[in-house]
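Report on the structure given below.
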Amino acid sequence: MKLTQEQKKFVEDLLSRMTLDEKIGQMNQESPSIVGGFDVPFSELIEMLTDGRISQEEFGRLMATAKQDFHEDDIRAGLVSSVMCNDPRQNNALQKIAVEESRLGIPLIVGFDVIHGFRSVFPIAIAEACSFDDALFEDTARMAAKESRAHGINWNFAPMIDAARDARWGRVSEGPGEDPLLGSRFARAKIRGLQNDTSSLKNYVAACTKHYVAYGACEGGRDYNTTSMSDSQLYNVYLPAFRAAMEEGAATVMAAFNDLNGIPCTVNEWLLRGILKGEMGLEGFVVSDANAIRECVNHGIAADDRDAGIQAALAGMDMDMGTHIYKDYLKEAVQKGVVPMKVIDEAVRRILSVKVWLGLFENPYVPEADIEAYEKGLPAEHIALCKKAAGESMVLLKNEGGVLPLSRKQKISLVGTLADNAEEVCGAWAMAWKKEDCVSIRAGLEATGADVSYYPCGGPEGEIDFDEADRACADADVIVAVVGETDAMSGEASSKTDITLPGGQRELLSYLLNSGKPVVTVLMNGRPLALGWEAEALPVILEAWHLGIRMGDAVAAALLGDITPSGKLSSSFPAVSGQCPVYYNHPSTGRPGSKSKFTSRYLDAPWEAVFPFGHGLSYTSFAYRDLSVRETEDNLEISVYLKNTGEREGTEIVQLYTRDVAASLVRPVKELKDYCRVSLTPGEEREVRFTLPKKSLGFYNNDGCYCVEDGEFRVFVGGSSKDTLEQSVTLSF
Ligand code: BGC
C-alpha cells in the first residue's frame, strides 16, 4: 500500500478540516443493530440462546422477522467510519449517505469476513495450504477481491495467518497450519492477490491480517483463552507470517482477542506501536476484534469501558470494532488531556490513507451492472478455479493395495450423510455461497456417470443405521464412506477436547470393514483429527477437508483417477486427542521420545504424529537420490534428483528442511526452509534445486534480535517432514 505525494497531501488537508467528533467517528466501526421481532435487546437474546433459555429454532424464527439498523443518522453526522455488510445495494445506499449527506463526504470502508472466497468458496485455509502452491494462494485471493468489490466490500478480514499447533482449537481451520515458513508464504501470496492489482478499483481490496498475535497458542486449544510464551517463540513462530505480510504491504491488521503474557493484544502497546507499527512498519491501521475493547474489562486489565478505550487508543489501536467505546469516551479523554490529540490524528491519518488508497473517494459505489452480472450466476472461470483449488488441496493419507483410483466399472456404495450434503462443503466462515453453486460428493460422483448408489447410514450427528449399512455392503464392489465433521464443528468458538471422529462414525467404519469389501474413507473436516485407530484399521484414507463449492467435483475426480492427489499436510495429525499439541518442528528436548521409558513420551500413546506435517501420497511414486549441498558466499546451493517411479503422471511437493545442531538457544528438531511443486511423467527424472540464503539459517533470541550463528547445520530434502535425505554442512558467518 503506497500513497503518492498528492494523496498524502489530500489526507493532511482533510485531517486539518475535521472536528474532533468527526475524527473519532473515523475510528468507529459500527455494527448493525438487530431490531424488531423480539422484545429484549439483541445482546440479551444472544445470552438467552447461549444459556439455553431459547432454542436455536426459536432464535432463527425471531431473526427471520428482524431487520438490521445501520445507524444511518450517525453515518450522516460523520460518526461512522466503517460498516460490515455484504449486500451490494445496501452498501451503495450507505455509501451515498456518507458521501453525499455527511459534512465532509468521507466514504465508508466496508469490511467483511471473506476468509476463503466470497460466492466462489475455495477450500478452507488449512486445506488450501496443503497445496503448497503460492500461485494458487494468490489466484484465489485475487478472485475473492474481485467478488468482494462487486458486492461493495473493500476490506477483507483476511488472511487469517495464526500459526496453530493445537487441533483442539476450532480456528485451526481458518489458517495455513502449523509452520511459520508455509504460513509466511501463504500470507505474502494472499496479500499480493488481495491488494496488488490496482489497475482497476474493481480488482483490489485492503487485506486485514489477523489475529495479531499468538491467538493460535491459546492455552489448551480453548478459544479466547490466555496465551503465554517466551519472546523467542513469539518471534520465531507466531510473528513471521505477520512480518511477511507487512513486507508485502498489508494495509491493515486485526488484533487478537487473547492476552499475551498478561497484556491483552487489544491494549498491548509493545505489540501494536512497538513491533507492528515500529519494527515491522505497518502502513495502514489496526482494528480491534469484535467487542474486544470492552472485553478488556472482563480481562481485568481495565476498570471500565472508559479505561479500556483510553488504554486501547494509547496502545495504538486505531479502530474500534463494534463497541461505541471510542465514540462515547475518547472526546472527553482528549479534552482532559488524557489521550493526546496526536494519538487521534495518527489513527485517523492511517484510516484515511487506506480509504484514499482504495480509491473510495473517487468511486465508492458498485455499478448496478456488476451487481446484476453476479445475480445471473458465477462466471465459468470462477468455477474452474474453485475446482482447481479443491483438487490441489486433498491429501491422500493412505492407499494400501492401491485401491484408489477406482475403476468406472466398479459398483460404488456411497455411505455417510456428509456425502449428500451440498451445504457442508464450504466449511466455517463461508457466508455468501449459493446452494445452486455447491456440489456434494454424491452429486459430483453421479455427474461422472459412475455406477454409484447412496446409503446415508449416519454421520457426525445422530444415530447410525446399521441395517442400511448392511444393504450398502451387500450391493457394493467398493464402499466409499464419507465421514468427518459438520462445518459448525470447526471455526470460531468450536474448540473440542475430543477430536476423534464424532458420533458413531468409527463404529460405522468398523462395521463396513467387517463386511470384507474394500472400504475407501473420505474425510470431510475442518481440523486435524485424531486418527490413531483409523491409520491402523482403514486401508485407504483421502483427507478432503471442506473443499468449497466444487468439493463434489474434486473428490469424484480424485476417486476415479481423473486427477492425482498431490497435497501434503499443512498440520500434523495426532493419534489421540491427548497428544495435542503435536507438531513436527518442536524444540529439541533433552530426552527425545523413544521406546525407552524415561524419554519425552506418553505411556499410553505415541509421541509422534500419526500423519506428520508434509505427508501426502500420490497415485504414482517418487524416489529421491543424491542430495548435495554446496556453499557459496551468501547461499547454500542444494540439489537433489527426483524421479517418478510409478506409472502415472504426478506432482510431488519437494520439501527442504534444516536443523541447527548446536545454538545459543534450543532450536527445533527440523524447520521447513523452502518447498516447490514438481510435475513428472512416468519414469521422468529431474534435478531439483534450491538456493537457500545462509542468513535464513538464523533465529530470533529472547531480546527479539535476529542472530546467525556458526556451526553445523543439517539439510534435509524429501517428500514429508519425516521422510528425507540428509547432508551436513559447517558454516561460519
Ligand atoms: C472474529 C474475527 C472476525 C470478526 C468480524 C470475530 O469474532 O474473531 O476473525 O473477523 O469477528 O466478524
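Quick one: dipole size for the chain, taken about the Cα centre, charges +1 on Lys/Arg Cβ and -1 on Asp/Glu Cβ, in debye to the nearest 20.
The dipole of the chain has a size of about 1380 debye.
First check a/c for segment 11-164, with a ≥ b ≥ c the square roots of the eigenvalues of its C-alpha gyration tensor; if it is under 1.5, answer rounded, and if not, answer prolate when a/b is larger than b/c or oblate otherwise.
Note, shape of segment 11-164 comes out oblate.
Quick check: pseudo-label points 7 Å beyond the Cα along Cα→Cβ at Leu15 and Arg53, how many nm apart are they?
Here the modelled spin labels are 4.6 nm apart.
Give me the angle, in degrees from 0 to 90, between the Cα long axis of helix 305-315 and the longest principal axis of the Cα atoms of the chain, rounded to the nearest 10.
80 degrees
Which listed residue (Ile371, Val356, Val343) has the Cα farthest towards the positive end of the charge dipole for segment 335-375, taking +1 on Lys and Arg C-beta and -1 on Asp and Glu C-beta about the Cα centre?
Val343
Say a site is exposed when it is one of the trypsin sites (Lys or Arg not before Pro), sits in a DSSP loop, and has at most 13 other Cβ atoms within 10 Å; what is then the longest site-free stretch of the chain?
Segment 104-335 is the longest.
So what's the projected area for segment 48-126, the Cα convex hull averaged over all directions, in nm²?
Taking the Cα atoms of segment 48-126, their convex hull projects to 7.9 nm² on average.
Given the rule -39500 (n - 2.57) for each run of at least 4 DSSP H residues, summed and divided by the residues of the chain, what is its mean residue ellipticity at 222 nm, to the nearest 500 deg cm²/dmol?
Calculated mean residue ellipticity at 222 nm is -8000 deg cm²/dmol.
Positive end of the charge dipole of the chain (Lys, Arg +1 and Asp, Glu -1 on Cβ, about the Cα centre): tell me which of Thr417, Thr198, Leu542 has its Cα farthest that way.
Checking the options against the dipole of the chain, the answer is Thr198.
Treating only the Cβ atoms of Lys and Arg (+1) and Asp and Glu (-1) as charged, compute the dipole magnitude of segment 325-371 about its Cα centre; round to the nearest 20 debye.
That gives segment 325-371 a dipole magnitude of about 360 debye.
When the chain is fully extended, how far beyond the present Cα-Cα distance does Trp270 get from Ala537, taking 0.36 nm per residue of separation?
Result for the pair: 91.1 nm of gain on full extension.
Give the share of C-alpha pairs in each 5 angstrom bin for segment 110-152, from 0 to the last occupied bin, in whole percents, shortest bins first.
That works out to 5, 24, 34, 20, 11, 5, 1, in percent per bin.
Just to compare against my own numbers: the Cα pair-distance distribution for segment 271-413, 5 Å bins, whole % per bin, please.
Whole-percent P(r) values from 0 Å outward: 2, 8, 11, 12, 11, 8, 8, 8, 8, 7, 6, 5, 3, 2, 1, 0.
Percent antiparallel among DSSP beta bridges with both residues in the chain, to the nearest 5?
In the chain, DSSP labels about 60 percent of beta bridges as antiparallel.
Between Asp498 and Asp87, 0.36 nm times their residue separation minus their Cα-Cα distance comes to what?
So the chain would gain 144.2 nm between Asp498 and Asp87.
Taking the Cα-to-Cβ direction at Ser588 and at Ser510 and moving 7 Å from each Cα, how far apart do the two end points lie in nm?
Output for this residue pair reads 4.2 nm.
Identify, among Tyr454, Ala469, Leu531, the residue whose Cα sits farthest towards the positive end of the charge dipole of segment 388-579, taking +1 on the Cβ of Lys and Arg and -1 on the Cβ of Asp and Glu, with the dipole about the Cα centre.
Selected residue: Leu531.
Need one word for segment 236-306: rounded, prolate or oblate. Basis is the Cα gyration tensor (sqrt eigenvalues a ≥ b ≥ c); a/c below 1.5 gives rounded, then a/b vs b/c decides.
prolate
Can you figure out the FRET efficiency of Ala77 with Ser628, using R₀ = 51 Å and their beta-carbon distance, to the nearest 0.05?
0.15
Report the percentage of all Cα-Cα pairs in segment 622-731 whose separation exceeds 26 Å, rounded to a whole percent.
23 percent
Would you kindly work out the equivalent ellipsoid of segment 594-687 from its C-alpha gyration tensor and give its semi-axes, the square roots of five times the eigenvalues, largest first in whole Å?
30, 23, 10
Where the only charges are on Cβ atoms (+1 Lys, Arg; -1 Asp, Glu), what is the dipole of segment 434-515 about its Cα centre, to the nearest 20 debye?
200 debye
If you keep only loop residues by DSSP, which GluC sites (Glu not before Pro) in segment 340-397 have at most 12 other Cβ atoms within 10 Å of their Cβ?
Sites meeting the loop and neighbour criteria: Glu362.
Using the Cα atoms of the chain, I'd like the radius of gyration and the largest Cα-Cα distance, Dmax, both in angstrom.
Spelled out, the Cα radius of gyration and Dmax of the chain are 26.1, 80 Å.
Net charge around Val666, counting only other residues with Cβ within less than 15 Å of its Cβ (Lys, Arg = +1; Asp, Glu = -1)?
Overall, the nearby charge balance is 0.
Can you give the angle from 0 to 90° between the axis of helix 341-357 and the longest principal axis of the chain, with both taken from C-alpha atoms, to the nearest 10?
The angle comes out near 60 degrees.
Return the whole-Å distance between the Cα centroid of segment 553-617 and the Cα centroid of segment 41-100.
43 Å
From the Cα gyration tensor of segment 228-352, with a ≥ b ≥ c the square roots of its eigenvalues, which class applies: rounded if a/c is under 1.5, or else prolate if a/b is larger than b/c, or else oblate?
In terms of gyration-tensor shape, oblate.
Can you flag which of Lys210/Lys496; Lys387/Lys643; Lys568/Lys722 are past 19 Å Cα-Cα?
As for pairs spanning more than 19 Å Cα to Cα, those are Lys210/Lys496; Lys387/Lys643.
Calculate how steeply helix 180-195 sits against the longest principal axis of the alpha-carbon atoms of the chain, using the helix alpha-carbon long axis, and give the answer as 0 to 90 degrees to the nearest 10.
Taking Cα atoms only, the helix is inclined about 50 degrees.
Bear in mind that the values in this text are calculations on the coordinates, not laboratory data. What you see is a predicted model, and the numbers here were worked out from it, not measured in a lab. With ideal geometry, Cβ positions are generated from the backbone for all residues, glycine too; neighbour counts draw on all protein chains shown.
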